[in-house]
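The structure under discussion appears below in the form of structure tokens.
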Amino acid sequence: MAFTENLSRRRFLSAGALALTPSVLPRLNFGPNPANPQAGASIIQRKLGRTGLQVPIVSMGVMNADNPAVVKRSYEIGVRLFDTAMGYQGGRNEQMIGSVINDLGVRDKVLIQTKIKKPRLASTATAEEISRQMLNDFDGCLKRLQSDYVDILLIHGPNVSEMNDPGVMQALSEAKKQKRARFIGVSTHAGQASVLEDAAKTKFYDTVTVSFNFTQAEDSALIGAIKKAAADGIGIIAMKTQATGRMGPSRGAPVNQTAALKWVLNHPEIATAIPGYTNFEHMTEDFSVAYGLKYTEEEKKFLAEKNLRAEIQFCQQCGRCLSTCSRGVDIPTLMRTHMYAARYGNFLHARATLEEIEENAHLRLCASCEECSARCFNDTDIAANIGDLKALFL
């Protein structure tokens, strides 16, 4: 299977698909940054909701990174929150973070956020069985992170029903009670406004990590839900902030990375962003935003482009396309799979995301379709993206 996938990956690349391209932390003051054009500026920090934690506005999404030196240097320049998950790189992502933080001897000076999922068990599974499996998974996270606690433990990508599942809530409550998780939260890709609204209403979750970027500027429901949740004390962390990763959209100008990140952080409800970067150049570029959010003329020009959202083709995960697919395929998750492969270059995570889809909604159902009937109500070319995924994975 690995050989077949490698062949598919080479075919995918050669076809040009990638051209588609434990108390509140003290307030940090690193002083002026010689590399920063805003001379004399200091790192901007915000409070992470009712957790009371003060965090620099730019953190690190570590998912795609595999160079420990980049994680180490990120800490040295001022990054204090590192985001990972049980499933990233088959657990190696957590291992890398744990090793770097342990070697630096700075566990009490950083925040680590990791994620676990509701397990796939029989529909008859009890709350105790669900909780036990999740806590076993969390044990593995802590072992890989070389730590006896995490600062924020998230349930990864649930819908509202799963957020409120008795087994899920039991596991997270137990982790918090045992002081193995200082705070608990949820990460969300789809149905985001509903997730935020429910978190604000129940007050069970301390934080929400939400997909948010400039392509969602007209999503009044999402922006309203972010504002309401933040006002109710939920700490909001933004992911997918640059929309396409570093590889760019399928057509049009490449994303202006600092403009994209500033757009997100110019929403004061966002406590911090976790852009994903993998090298020193991108690290420096992203963290420069932590010193000031005023747009340059070039950044203003990028954000003012007329057809920007259409060119970027970032799937809004609204789910409206589902009713247009004659086979009932899980198109939103397929679009995320495509993003991880074509725009992040992370084929391992793309495959892991793909295999999370139930068999009755899997990409395999697309194999016999000569023409894709699915239609996007925004700007995503669903048929082209599914064609890429078929070439890569089928």
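Quick note: the coordinates plus some simple rules give every number you see, no bench work behind them. Given the structure is predicted, the values throughout are model-derived calculations rather than measurements. Neighbour counts run over all protein chains shown; Cβ positions are idealised from the backbone, glycine included.
Observations, loosely collected:
- Sorted on the mean count of surrounding Cβ atoms within 10 Å across their residues, most packed first, peptides 320-327, 178-185, 65-72 read 178-185, 65-72, 320-327.
- Footprinting exposure proxy for VAL329, VAL110 (fewest neighbouring C-beta atoms within 10 Å first): VAL110, VAL329
- CD proxy at 222 nm, helix term only [per DSSP H run n ≥ 4: -39500 (n - 2.57); per residue of the chain; nearest 500]: -11500 deg cm²/dmol
- Among the listed pairs LYS179/LYS227; LYS203/LYS227; LYS177/LYS262, those beyond 26 Å (Cα-Cα): LYS179/LYS227; LYS177/LYS262
- In the set (1) 58, 45, 42; (2) 62, 49, 38; (3) 59, 56, 42, the label that goes with Cα extents along the principal axes in Å computed for this structure is (3).
- In this structure the amide hydrogen of VAL58, modeled in the peptide plane, comes within under 5 Å of the amide hydrogens of ALA273, none closer than 5 places in sequence on its chain.
- Debye-formula intensities of the range 142-220, expressed as log10 I(q)/I(0) at q = 0.16, 0.23 Å⁻¹, are -0.62, -1.06 (one equal scatterer per alpha-carbon, no solvent).
- In plain terms, the residue of THR209, THR333 with the fewest other Cβ atoms within 10 Å comes first and the most crowded comes last, giving THR333, THR209.
- Quarter of the Cα convex hull surface for the range 239-358, i.e. its orientation-mean projected area (nm²): 8.9 nm²
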